[in-house]
Amino acid sequence: MVEEQLIPRGITDQATLEAMLTVPRHLFVEDAMQARAYGDHPLPIGSGQTISQPYIVALMTQALELQGHERVLEIGTGSGYQAAVLSRICERVYTIERIDSLLGKARKIFDRLHYHNIVSRIDDGTTGWPDEAPFDAILVTAGGPKIPEPLVKQLGDPGRLVIPVGDQQVQELQLITKENGDISTRIIEQVRFVNLIGTHGWRD
Ligand code: SAM
């Protein structure tokens, strides 16, 4: 996966590559899917949701430019795989999921792997996690119509926020950077994500 899918497509961040070599992706998919866990595609994880393609996980992780000391907020725990990758290269991951059954499964895997620097809760992640803000980095793994304002407020300075923004078919993966009070936006590439549903996302 790392040699054939990530490095040839320009993933160069060593911490991201090492984390993706370390985290056992097959544990985050159902038994029937395990043989396909390292393939170059997303996979269904139940409740109409998906675990993202490995390249997209790597691209989003790399864009955060993590050094190791950061507190990172993830919106959309899903299978837990992205949170697990982040947890190997930052201080602490705060992850929010709106579907109970998915978070229950993800928590069991975090425990099994002894990934104790991941904290999680059920909520509408479009409102962020105000009690724990500010965050050094925020990663949204579902596509919304706009950037949720609470997330921009809860982003530290300096801080990096990565989020797919667009319609329900296709989105632009955006990197929002906050530095000395200035906010800038860069488009990374076109992506396709499941819907970000909530107060500052799509309606259920
Ligand atoms: N990061 C996940 C992984 O590694 O498996 C992939 C997540 S999947 C593409 C998107 C997830 O976002 C789904 O599990 C969905 O339920 C969740 N989601 C959508 N809207 C949400 C919201 N407002 N708050 C929290 N989670 C949300």
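Just so it is clear, none of the values below were taken in a lab; they were calculated from the coordinates. Everything numeric in this text was worked out from a predicted model, so none of it was measured. Reconstructed Cβ throughout: ideal geometry from the backbone, glycine too, with neighbour counts over all protein chains shown.
Within 10 Å of each residue's Cβ, count the other Cβ atoms and sort Leu21, Leu113 from fewest upward.
Listed from fewest to most nearby Cβ atoms, that is Leu21, Leu113.
How large is the dipole of the stretch 25-104 about the Cα centre if only Lys and Arg carry +1 and Asp and Glu carry -1, each at its Cβ, rounded to the nearest 20 debye? Provide the component values of the computation, followed by the final result.
Values: 6 positive and 9 negative charges, 13 e Å.
Charge dipole of the stretch 25-104: 60 debye, to the nearest 20.
Averaging over every viewing direction, what projected area does the convex hull of the Cα atoms of the chain cover, in nm²?
Projected over every direction and averaged, the Cα hull of the chain covers 10.3 nm².
Once fully extended, how much extra length lies between Thr185 and Val152, figured as 0.36 nm per residue of separation less the alpha-carbon to alpha-carbon distance?
10.7 nm
Give the lysines whose C-alpha is closer than 24 Å to that of Lys153, dropping any in the same chain fewer than 8 places away, or say none.
Answer for Lys153, where 24 Å is the Cα cut-off: Lys178, listed by chain and number.
If you take the charge dipole of the stretch 2-191 about its Cα centre, with +1 on Lys and Arg Cβ and -1 on Asp and Glu Cβ, which of Leu102, Ala84, Gln62 is farthest toward its positive end?
Leu102
I need the phi-derived Karplus couplings for the stretch 171-183: 6.51 cos²θ - 1.76 cosθ + 1.60, θ = phi - 60°, integer Hz, Gly and Pro marked x.
9, 9, 7, 9, 10, 9, 10, 10, 8, 6, x, 8, 10
Quick one: Karplus J couplings for the stretch 119-125, per residue in order, coefficients 6.51, -1.76, 1.60, θ = phi - 60°, nearest Hz, x for Gly and Pro?
10, 9, 7, 8, 5, 8, x
Using the Karplus curve 6.51 cos²θ - 1.76 cosθ + 1.60 with θ = phi - 60°, what ³J(HN,Hα) values do you get for each residue of the stretch 17-25, in whole Hz, with x for Gly and Pro?
Those phi angles translate into 5, 5, 4, 6, 6, 7, 6, x, 4 Hz.
Using Cβ counts within 10 Å as a stand-in for footprinting exposure, how do His114, His26 rank, fewest first?
Ascending number of Cβ neighbours within 10 Å: His114, His26.
When the Cα centres of the stretch 63-132 and the stretch 133-167 are compared, how far apart do they sit, in Å?
14
Can you put Arg88, Arg36 in order of Cβ neighbours within 10 angstrom, beginning with the fewest?
The most exposed by this proxy come first: Arg36, Arg88.
Mind putting a number on the dipole of the chain about its Cα centre? Charges go on the C-beta only, +1 for Lys and Arg and -1 for Asp and Glu, and I need it in Debye to the nearest 20.
Values: 19 positive and 27 negative charges, 69 e Å.
The calculated dipole for the chain is roughly 340 debye.
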